[in-house]
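Written out below as structure tokens is the structure these notes cover.
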Amino acid sequence: MTTETFRELALSFPGAIEAPHFDRAAFKVKNKKIFATLHEKCRTANLKLPAADQPVFCTFGKAEVYPVPNKWGLQGWTTFELDKIPRELMLDALDVAYRDVFQPKLKRN
């Protein structure tokens, strides 16, 4: 997958916008949190996945999909090596990340 394909997929979600984020491009839902970042030079993307979904995506392959190796990884941030990821898998992962950020969290009583 190319970085341009990733960008097109990330921006295909309703209300998704791109903004600079340090040395990366961030993709977020307008006025919401970031659901993905793209590091073009390294050809990697980091997606914010729910804790229950992160290990499922990581079963694709440890060299291709893996938790970010620090506290961010414990919060669901997951690295995808773009050269090794099929389009369908990336679209599914982006959908999960987008929905997790976009959907309002239920308040606890």
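Bear in mind these aren't lab numbers, they're just calculated from the coordinates by the rules spelled out. Note that the structure is a prediction, hence the values are computed from the model and not measured. Positions of Cβ are generated from backbone atoms using ideal geometry, with glycine treated the same way; all protein chains shown enter the neighbour counts.
Which pairs break 22 Å Cα to Cα here: K33/K84; K30/K71; K41/K84; K30/K84? Among K33/K84; K30/K71; K41/K84; K30/K84, the Cα-Cα distance tops 22 Å for K33/K84; K30/K71; K30/K84. Per-residue ellipticity at 222 nm from helix content only, as computed over the chain with -39500 (n - 2.57) for each DSSP H run of at least four residues, stands at -8500 deg cm²/dmol. Less than 5 angstrom separates the built amide H of I34 from none of the residues sequence-distant by 5 or more or on a different chain. For the chain, what relative contact order do you get, as a whole percent, if you take Cα pairs closer than 8 Å and at least 6 residues apart? Reported as a whole number, the value is 26 percent.
Scaling against 2.2 N^0.38 Å puts the C-alpha radius of gyration of the range 43-109 at 1.12. Summing Cβ point charges (Lys, Arg +1; Asp, Glu -1) relative to the Cα centre of the chain gives a dipole of roughly 640 debye.
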